[in-house]
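Before any comments, here is the structure.
The values are calculated or read from the model by the stated rules, or taken from the named source; none is laboratory data. Please read all numbers here as calculations on a predicted model, not as lab measurements. Here Cβ is always computed from backbone atoms with ideal geometry, including for glycine, and neighbour counts include all displayed protein chains. Surface accessibility is based on the protein's heavy atoms, side chains included, excluding ligands, DNA and RNA. Shrake-Rupley method; radii C 1.70, N 1.55, O 1.52, S 1.80 Å.
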Amino acid sequence: MTTASAPVVVIAPDSFKGSLSAQEVAEAIGAGVRAAAPSAIVRLCPIADGGEGTLDALLHAGGEVRRLQVRGAAGILRDAAAGILSDGSAVIESAEIVGLTDPIGTAVTVENRSTLGIGDALLTLLDGGARRFLIALGGSSTNDGGIGMLVALGLKLYDADGKELEPVPAQLARLARVDVAGLDPRLNDIHIVAMSDVDNPLCGDEGATAIFGPQKGVTADQVKPLDALLGHFATLFEQASGRSAANSAGAGAAGGLGYALLMLGAEFQSGAQTVADYIGLDAALKDADWLITGEGRSDVQTLHGKAPFIAAQRARRAGVQTSLLSGGVDRAALGELQTSFAGCFSITFGPTTLDNAIANAAGLLKDSAEQMTRLWLSGR
């Protein structure tokens, strides 16, 4: 441990979605810590859990951005970022290509959205020499079972008359045959890590459509029909390929994109654990005195593999106490949250609107972190 005059504080927050990146959140918290403790050694370790911001968090550890031309969820060509890490791994973030926050992609109905752009990104990076891929699955707007990605990689979908079908769920009722012969042969020689904390199967009451479809725009009366369409595709795809993954843990991630990746031989890993390893969080926690983490909103789901929980677990193993500073904290979840965090704090100082909190998040984070640090110092 360091002396009280020079505390070592590790700051490892997730992004505040719609407001600040994880790096910006970490910098704002760091400014607050230094305001209260000018001599503090502050180590910034922005983190992510496989959703929006994962690419940025991984690149923070070393690498370069690659700008790609890919198709968005609506099939319209767009510019998107990917990354090549210092170890040569390529990073694809689903939220960057077919994300819920893309107004063009989400302007079409969910049964007409596709993951074609994920396949576009894979092919471009394959052409550039990448053979190891980290694919972050959180934050997607699609519910297509990964058929778009697979078609971009060479899969063919045919109706009973032999006519080729578009890779969107709305066309799957006509699907009679899946042809895997055209899949890019290079897929046999690559390693894919799918980053997600989701363990749902592809179909059923706990599947992609039933659990995650509503947040993407699936209405109550669409759940069973869309679920059945994905099941129909999976049956034909598995017959054609001789493999099976529809009931595997993670198949329901990202609207079934997880299923398609599993069928390509992907390995599933916790997004937050993978990011924590890449950014060297364990090394940053060595000899540290305190960890501050946070996210846009914390509730009981935080304890199910979200980035702040994984950071707190790492800190506990290192003998470092962790405090949570988030945009909002579910009061009903405090009892459970405080089993992992030494204090759970929100950035708001009084009644306010969400728009106001988002607009002033950096200043609110700094001021809250300063007050937290003053309290923490008084108890050292």
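Applying the criterion of being in contact with a strand residue (DSSP E or B) (Cβ under 6 Å, 6 or more places away or on another chain) and part of a helix (DSSP H, G or I) to the residues of region 117-145, the residue that is surrounded by the fewest Cβ atoms within 10 Å (Cβ to Cβ) is Thr124.
Within this structure, Gly280 fails the test of being in contact (Cβ under 8 Å) with a residue 40 or more places away in the chain, touching an Asp or Glu at 6+ places or on another chain (Cβ under 6 Å), farther than 29 Å from Leu183 by Cβ and open to solvent by 10 Å² or more (accessible area, probe 1.4 Å). When Ser340, Ser326 are screened for being surrounded by 15 or more Cβ atoms within 10 Å (Cβ to Cβ), within 22 Å of Ala57 (Cα to Cα) and of a type outside the set (Val, Ile, Thr), only Ser326 passes. Looking only at residues in region 146-178 that are of a type in the set (Asp, Glu) and under 22 Å from Gly117 (Cβ atoms), the one that is least open to solvent (accessible area, probe 1.4 Å) is Glu164.
Residues considered: Leu291, Leu364. Of these, the only one that is in a strand (DSSP E or B) and either in contact with a Ser or Thr (Cβ under 9 Å, 6 or more places away or on another chain) or at pLDDT below 95 (or both) is Leu291. In region 205-219, the count of residues that are of a type in the set (Phe, Trp, Tyr) and open to solvent by less than 30 Å² (accessible area, probe 1.4 Å) is zero.
If you scan region 345-361, which residues turn out to be open to solvent by 30 Å² or more (accessible area, probe 1.4 Å) and either modelled with pLDDT of 95 or more or in contact with a Lys or Arg (Cβ under 7 Å, 6 or more places away or on another chain) (or both)?
Within region 345-361, Phe345, Ser346 meet the criteria.
Considering each of Ile135, Ile97, Ile47 in turn, give the residue that is in contact with a Gly (Cβ under 8 Å, 6 or more places away or on another chain) and touching a residue at least 12 places away in the same chain (Cβ under 8 Å). After ruling out the rest, the residue left standing is Ile97.
If I filter region 337-355 for residues that are out of contact with any His (no Cβ under 6 Å at 6 or more places or on another chain), farther than 19 Å from Pro308 by Cα, free of Cβ contacts under 8 Å to residues at least 60 places away in the same chain and in a helix (DSSP H, G or I), do I get at least one hit? Checking region 337-355: at least one residue is out of contact with any His (no Cβ under 6 Å at 6 or more places or on another chain), farther than 19 Å from Pro308 by Cα, free of Cβ contacts under 8 Å to residues at least 60 places away in the same chain and in a helix (DSSP H, G or I). Search region 202-218 for residues that are of a type in the set (D, E, K, R) and pair each with any residue that is open to solvent by less than 70 Å² (accessible area, probe 1.4 Å) and not in a loop (DSSP other than H, G, I, E, B) when their beta-carbon atoms are under 7 Å apart and the residues are at least 6 apart or on different chains. Note: pairs meeting the criteria are Lys216/Val110; Lys216/Gly255.
The residue list Gly83, Gly128, Gly146, Gly88 contains one member that is closer than 25 Å to Asp227 by Cα, at pLDDT 95 or above and not aliphatic (A, V, I, L, M), which is Gly146. Condition check for Leu85 on (1) surrounded by fewer than 24 Cβ atoms within 10 Å (Cβ to Cβ); (2) of a type in the set (A, V, I, L, M, F, W, C); (3) closer than 25 Å to Phe233 by Cβ: one failure, at (3). Taken over region 146-178, the residue count meeting the criterion of being assigned to a loop (DSSP other than H, G, I, E, B) and polar (S, T, N, Q) is 0. Residue count for region 181-201 under the criterion of being open to solvent by less than 40 Å² (accessible area, probe 1.4 Å), touching a Phe, Trp or Tyr at 6+ places or on another chain (Cβ under 9 Å) and in contact (Cβ under 8 Å) with a residue 60 or more places away in the chain: the result is 7. Counting only helices (runs of 4 or more DSSP H) wholly contained in region 187-288, the ones carrying 3 or more residues that are among the aliphatic types (A, V, I, L, M) and over 15 Å from the mean Cα position of the chain (by Cα) occupy 208-216, 223-241, 257-263, 281-285. Looking at region 241-273, which of its residues are more than 30 Å from Gly182 (Cβ to Cβ) and either among the charged types (D, E, K, R) or open to solvent by less than 10 Å² (accessible area, probe 1.4 Å) (or both)? The answer is Gly271, Ala272.
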